[in-house]
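Each value in this text was obtained by applying a stated rule to the coordinates, not by laboratory testing. Keep in mind that what you see is a predicted model, and the values were worked out from it rather than measured. All Cβ positions, even for glycine, are placed from backbone atoms using ideal geometry, and neighbour counts span all protein chains on display.
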Amino acid sequence: MKKIIYTAFLSSSFLVSCNFLDETPQGIMTDEEVKTQVEGLVTVAYSALGNDHYDVPFSLWPYGNVRSDDAYKGGGDLNDIGVFHFYEISQNIQPTFGEPDKLWFSCFQGISRANNALRLLKESSFEKKNERMGEMYFIRGHFYFMLKRVFGHIPFVDENTPDNEYEKTPNTLPNDEQWAWIVSDFKKAYDLLPKNQPQKGRANKYAAATYLAKAYLYKAYRQDEANNVTSINSNDLEEVLTYTNEVMTSSYGLEEDFAFNFLPGEYENGKESIFAIQYSHEDGTAYGRLNWGDVLSTPMGLGCCDFHKPSQNLVNAFKTSNGIPQFDSYNNVNYNASSDKVDPRLFHTVAIPGLPYKYNINRIYKEDWNRNINIYGVYASLKENVDPDCPCFKNINPFRGNSKNRIVLRYADVLLMRAEALIELNRHNDALVLINQVRTRAKQSTSLIGYASNVDIEPYSNSNWTKEYAQQALRWERRLEFAMEGERFFDLVRWGIAHEVLNAYYISEATRRPAIYSNARFTKNKNEYIPIPQQQIGFVKGIYKQNVGF
């Protein structure tokens, strides 16, 4: 890891404006001054959560969606950010790519900021010392969680690691011990954080509990050094139940309409949003603090740049028969609005030609909004985008950005993580009600899509609810609920089925999108993770071990 040391330097590049982030410290402080002004370093650490870029998106859309069966890269052609195309087809992936190197650096920058704040917090007598320490453990755990899912084998440094040891820390901890480290950060956060925070955007105890459940769920699926899932640990699954129960007995819950999770303004920080990255646009600066990580997904008809395109396979996955997913036949024939019934979440997730864009009946999404129909088709991603009539939509020529919050943890994930743990603990009957809660909410999510007349979704019955069926239903539900939110590829790897699902996907998509997938192939025991950036290996003089297969 390239050493990243921040003492008390709070440069103007860190100036932010949203909620408590408006309270930005000024100038340069000595260590003694920092001890009494630790809020400054805490704010700097929080600001790292939104310091991503269009080719280094913290939403992880190139890594969690484009690498899966949910999305095409999009853009002008295959060479437009060509690195993401290689992830798309699991071929020609190199340790020398610049984009993942910048992702690695940016995440460790956030970790370094959290560590720096923790050092000074420990030495201080600051009134809110414990809760601020909890927030820093949470932020550090968040960045480690991101790195672990993408790179697989990462080094761990904390506030007690001397500066001269940063470049001597290897990345050779076994998979289980890496997850244990991440769990430890979220447990420290959980123990220190209050249940409620007075300011929006700060992590609280329930956010830490949600991340604890998520980290334990990943930890439960034991992987060997070749990335094979070798067993599922029941003790870890019990921890998932413990911490999901904490959240389920809180004031958080499902929004009445699925759409409300992906709308700006009054809908932000709603009851389903357990933790979200806060953005803003009215702070006196030219553009505000926008979500730069997702600017590329705006359709070309609205500006630029038409990346992150829903796949035909994903659209087909929303089809239903008698309200239930077509598990075995969904992909045999492409979705046809005149003859197919679908899960209503399709219309909140995918922009379809001829239908209103982001629910605006005066703005119809058209085929000619797409940049390269022959390669990438006619669909666009909706969740991260906004109606251009929103004041939060900004022209940052040549891009179009927005200041809508990006939810990191939402309540639906709590329900489905708990359901997954119950199924793997052979308590699949208990999981049925949780999955059906999510489906029931989906069924009533029609208040903004009155123009969609072909919706049909029903809860599952318990008549054929075997463990195997429950497992299939859970995995399908996660795909539909979190489509285009950066989860799909990581789910497939956690379950140990990435090679099966993706190679089948490549074969079918090669007939639809031969320009993309004619040479695609997922190599088991290799493509579960991307390689450690060669530049980072060079910085530590070869201490890091490269991932298997690279």
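Tabulated data for the structure shown
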| read-out | value |
| --- | --- |
| Modelled label reach - R427, point 7 Å along Cα→Cβ, the range 233-263 residues with backbone N closer than 18 Å | 233-250 |
| Distance (nanometres) between label positions extended 7 Å along Cα→Cβ at N79 and Q472 | 4.5 nm |
| Contour minus Cα-Cα distance for A515 and K271 (0.36 nm per residue) | 83.5 nm |
| In sequence order, calculated HN-Hα J values of the range 264-272 (Karplus, 6.51, -1.76, 1.60; Hz; x Gly/Pro) | x, x, 5, 7, 6, 6, x, 6, 8 |
| Relative packing of peptides 131-140, 291-300 - highest average C-beta neighbours within 10 Å first | 131-140, 291-300 |
| Segments 532-543, 174-185 sorted - mean Cβ within 10 Å per residue, highest first | 174-185, 532-543 |
| Filter on K271/K394; K205/K404; K129/K205 - keep pairs with C-alpha separation over 20 Å | K271/K394; K205/K404 |
| Potential lengthening between N397 and E282 on full extension [0.36 nm per residue; Cα-Cα distance subtracted] | 39.6 nm |
| Candidate lysines - alpha carbon under 19 Å from K366, same-chain residues fewer than 8 apart omitted | K309, K358, K383 |
| Ranked packing of 480-489, 252-261, most packed first, by mean Cβ within 10 Å | 480-489, 252-261 |
| Residues of type aspartates and glutamates that K187 reaches as a straight line, Cα spacing below 17 Å, ignoring anything fewer than 8 places off in the same chain | E131, E135, D158, E159, D176, E177, D236, E238, E239, E246 |
| Folded to 0 to 90 degrees: helix 38-47 orientation relative to the chain principal axis, Cα | 30 degrees |
| Label-point separation in nm, T249 to K102, each point 7 Å along Cα→Cβ | 4.6 nm |
| Cα centroid separation, the range 248-303 to the range 481-543 (Å) | 28 Å |
| Local electrostatic count, K394, Cβ distance below 15 Å [Lys/Arg +1, Asp/Glu -1] | -3 |
| Cross-link reach list, lysines versus K545, counting only Cα pairs under 25 Å and skipping chain neighbours closer than eight places | K2, K3, K102, K148, K168, K219, K524, K526 |
| Residue-averaged [θ]222 nm for the chain, counting only DSSP H segments that reach four residues, each worth -39500 (n - 2.57) | -12000 deg cm²/dmol |
| Segment S339-K122, extension gain: residue separation times 0.36 nm, minus the distance between their alpha carbons | 71.8 nm |
| Inter-site label distance for D163 and I373 at 7 Å from Cα along Cβ, in nm | 5.9 nm |
